[in-house]
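Here is the structure we will look at, set down as structure tokens.
Values in this text are rule-based calculations from the coordinates and carry no lab data. The shown structure was predicted, so the numbers you read here are calculated from the model rather than taken from an experiment. Virtual Cβ from ideal backbone geometry, glycine too; neighbours counted across all protein chains shown.
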Amino acid sequence: MILFELFYTFLMIGAFTFGGGYSMIALIQDEVVTHHGWLTGQEFADILAISQITPGPVGINTATYAGYSAVINAGLPEWMAVTGAVVASLAVLILPVALILIVGRWLLKRKDQAPFDTIFKVLRLTVIGLIAAAALSLMPTAFSPTPTGTVTLFDFSFSAFNLIIFAVVFGLSLWRKVSPILLIVVSGAAGLFLY
């Protein structure tokens, strides 16, 4: 049954994710799009966009929406989809919360010791790699001019407007330190106007 598969999948995602919600995105995408086929790449990109603009951690929001959509796409009723959202959300949280409660205090006392400092340096690099992988895997969908177009990472079908919006938002965010909230609102308005 899909609820058990959702629970196990998101339990494993929660167990092997370090660095927060953004590093979780690549794992969630791999599981729900590539491995299980519960969602299409476009559906996942839409879920990720919604997850980023709704309050709360992006990883948990993504798990919630992915659980809901996976159950709907399986042809089950909406009340089961709500159950799928709850199951995915709780599953992704169980092991990290338990680990923090058990190990967190002990680890904080030793974080400046040489072996732990080295471990944290390697984990930071791993997190950067996971976030970069998530960004690169979403780029073909984000830059595609058609929402249903099939594109691969090496077969971009760029829309000029998407590329311009990306470049402007990236530049304003990186060099001008413009508020991310303002950038999201303006980009949403630009998308509504242009498309």
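Taking 14 Å as the straight-line reach from the Cα of residue 121, the aspartates and glutamates in range (excluding those fewer than 8 positions away in the same chain) are 112. Taking only the Cα atoms of the stretch 58-125, the ratio Rg/Rh comes out at 1.24, with Rh defined as the Kirkwood radius. Given the stretch 1-91 reduced to its alpha-carbon atoms as identical point scatterers, what log10 I(q)/I(0) does the Debye formula return at q = 0.13 Å⁻¹? Log-scaled intensity ratios, in q order: -0.34. Summary: within the chain, the longest segment free of trypsin sites (Lys or Arg not before Pro) located in DSSP loops with at most 14 other C-beta atoms within 10 Å is 1-110.
Considering all C-alpha pairs of the stretch 36-87, those separated by over 16 Å amount to 37%.
Pairwise alpha-carbon distances in the chain exceed 24 Å for 47% of all pairs.
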